[in-house]
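> Shown below is the structure under consideration.
What follows draws every value from the coordinates through simple rules; no lab data is involved. Keep in mind it's a predicted model, so treat the numbers as computed, not measured. We place every Cβ from the backbone using ideal geometry, glycine too, and count neighbours over all the protein chains shown.
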Amino acid sequence: MEDYYKILGVDKGASKEDIKKAYRKLAHQYHPDKKDGDSEKFKRINEAYQILGDENKRNQYDRF
């Protein structure tokens, strides 16, 4: 299983706002429509944010 915290470049104690900022920065950087975009990395960044950006999913992820 991938480490979503590592993908977004935040630590486990990061606030919801820090996670959102990290996501936006990385999503902008790796967006597939950009010249140097990377669609695979963009997908992983989105997946990480879907889990860590949602309180319930994040709690469940942290337990396992």
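> Filter the trypsin sites (Lys or Arg not before Pro) in the chain to those in DSSP coil with at most 14 other Cβ atoms within 10 Å of their Cβ, and list the result.
Lys12, Lys34, Lys35
> Evaluate the Debye formula for the chain with equal point scatterers sitting on the alpha carbons, no solvent, and hand back log10 of I(q)/I(0) at q = 0.16, 0.25, 0.29 Å⁻¹, in q order, two decimals.
Cα-only, vacuum Debye calculation for the chain: -0.48, -1.03, -1.29.
> For the chain, what relative contact order do you get, as a whole percent, if you take Cα pairs closer than 8 Å and at least 6 residues apart?
Values: 56 pairs, mean separation 21.4, N = 64.
It rounds to 33 percent for the chain.
> Per-residue ellipticity at 222 nm for the chain, helices alone: DSSP H runs ≥ 4 residues times -39500 (n - 2.57), over residue total, nearest 500 deg cm²/dmol?
-20000 deg cm²/dmol
> Can I ask one more? Note the count of lysine pairs whose C-alpha atoms are less than 20 angstrom apart in the chain, limited to pairs 8 or more residues apart or on different chains.
Lysine pairs satisfying the spacing and distance rule in the chain number 28.
> Continuing with the same structure: Charges on Cβ only, +1 for Lys and Arg, -1 for Asp and Glu, centred on the Cα centroid of the chain; of Ala22, Phe42, Gly9, which one is farthest towards the dipole's positive end?
Value: Ala22.
> Provide the gained length on full extension for the span Glu40 to Glu55, in nm with one decimal, where the gain is 0.36 nm per separating residue minus the Cα-Cα distance.
2.9 nm
> About its Cα centre, what dipole magnitude does the chain give when the only charges are +1 on Lys and Arg Cβ and -1 on Asp and Glu Cβ, stated in debye to the nearest 20?
Rounded to the nearest 20 debye, it is 120 debye.
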